[in-house]
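Taking it in order: structure first as structure tokens, then the write-up.
Please treat every number below as a calculation from the coordinates, not as lab data. Everything numeric here is computed off the predicted structure, so don't read it as measured data. Here Cβ is always computed from backbone atoms with ideal geometry, including for glycine, and neighbour counts include all displayed protein chains.
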Amino acid sequence: MNTSNTSTNSGKEPDSNQMIRKDIKAKWDKFSDQDLMALQNRDDLVSQVVAKYGLEKPQVQRDVDALLKGREFSRKA
């Protein structure tokens, strides 16, 4: 009988999304963990940063693009 748990990742979310959320939290600390989990995609992130920080959308779009560095970000249900 094997009772050890060999899975270290629950498989619910790709590692890349976890890393992106960590990067978002580091740059924009007004995001709660719940906020981060609710983000749907890049455009949703842009809208939330504009709303939380009162920044201009074109600047936020550039900041988000720089943060993502070409990585895909989407919420997988």
- prompt: Pick from segment 23-43 the residues that are acidic (Asp, Glu) and free of Cβ contacts under 8 Å to residues at least 24 places away in the same chain: which of them is surrounded by the most Cβ atoms within 10 Å (Cβ to Cβ)?
  reply: ASP35
query: closer than 18 Å to SER74 by Cβ and either surrounded by fewer than 13 Cβ atoms within 10 Å (Cβ to Cβ) or in contact with a helix residue (DSSP H, G or I) (Cβ under 7 Å, 6 or more places away or on another chain) (or both): does that describe LEU55?
result: no
